[in-house]
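The values are calculated or read from the model by the stated rules, or taken from the named source; none is laboratory data. Quick caveat: nothing in here was measured; it's all calculated off a predicted structure. Here the Cβ is made from the backbone with ideal geometry for all residues, glycine too, and neighbour counts use every protein chain on show.
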Amino acid sequence: MAILPLVIAPDPRLKKISEPVKKEDIDNDLRHFIGDLFDTMYENKGLGLAAVQVGVLKRILVMDMGKGTPRYEETYDANGEPDPICMINPEIVWASDEKFCFEEGCLSFPAQFSDVTRPKKVRVKYLDEFGDEQEKEFSEVSAVCVQHEMDHLNGIVFVDHISKIKKDMVMKKLEKFKKKGAF
Ligand code: NI
């Protein structure tokens, strides 16, 4: 297991569309890589991570909402049990009309946050790390997380959902943060 270096914005890789994973390629090597993704996510205190964020353009994401997030008190439980989920080739099969707004962050945009509005509930079909088909419904912060990570697989980042003025502000603040060498 290893902590992998993160791709930090702005980086052209974050705009690339990731490739589907063939079922026959879901093997021990891939599971090893998925283990590294989890390690990297936990080490950086993220709720989710997409493979592209470590520079691998495959449609794979990991997430763990087991503890929730202190940024959304209703879900937060510091003693919560881990709930690791790996999704390969995820697809949204249903999304609610009802929306949910949440202040999102991203490991590729350290220390940057912005409100994003998305469907409040989604149902997602995906392959797990053993190549078995799964379908699961997510709501509120979990739904935010899965939609945010799925966006990464399509070259979309959370600031693509906000106005240009706000996006420019985030990018400027990120540049300042990087210059300070804070990470
Ligand atoms: Ni992200």
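Cys86 falls short on exactly one of the conditions (1) touching a residue at least 60 places away in the same chain (Cβ under 8 Å); (2) within 22 Å of Glu129 (Cβ to Cβ); (3) surrounded by 19 or more Cβ atoms within 10 Å (Cβ to Cβ); (4) not polar (S, T, N, Q), and that condition is (1). Within region 111-129, one or more residues are surrounded by fewer than 19 Cβ atoms within 10 Å (Cβ to Cβ), touching a residue at least 24 places away in the same chain (Cβ under 8 Å) and within 11 Å of the ligand (Cβ to nearest atom). Scanning region 88-110 for residues that are of a type in the set (Ser, Thr, Tyr) and within 15 Å of the ligand (Cβ to nearest atom) returns a single hit, Ser108.
Yes/no per residue for (1) surrounded by fewer than 15 Cβ atoms within 10 Å (Cβ to Cβ); (2) in contact (Cβ under 8 Å) with a residue 24 or more places away in the chain:
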{"site": "Glu19", "(1), (2)": "yes, yes"}
{"site": "Asp25", "(1), (2)": "yes, no"}
{"site": "Asn28", "(1), (2)": "yes, no"}
{"site": "Arg31", "(1), (2)": "yes, yes"}
{"site": "Leu37", "(1), (2)": "no, yes"}
{"site": "Tyr42", "(1), (2)": "no, no"}
{"site": "Lys45", "(1), (2)": "yes, no"}
{"site": "Ala51", "(1), (2)": "no, yes"}
{"site": "Val54", "(1), (2)": "no, yes"}
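Filter region 56-71 down to residues that are within 16 Å of the ligand (Cβ to nearest atom) and over 27 Å from Gly131 (Cα atoms) and give me whichever is surrounded by the most Cβ atoms within 10 Å (Cβ to Cβ). Top of the filtered list is Thr69. Within region 144-169, residues that are without any contact (Cβ under 8 Å) to a residue 24 or more places away in the chain and within 11 Å of the ligand (Cβ to nearest atom) reach partners that are among the β-branched types (Val, Ile, Thr) and part of a loop (DSSP other than H, G, I, E, B) with beta carbons closer than 8 Å, at six or more positions or on different chains, in the pairs Asp151/Val157. Residues of region 1-14 include at least one that is surrounded by fewer than 18 Cβ atoms within 10 Å (Cβ to Cβ) and modelled with pLDDT under 95.
The residue that is nearest to the chain's Cα centre (by Cα), among those in region 67-89 that are more than 28 Å from Ile26 (Cα to Cα) and outside any loop (DSSP other than H, G, I, E, B), is Thr69.
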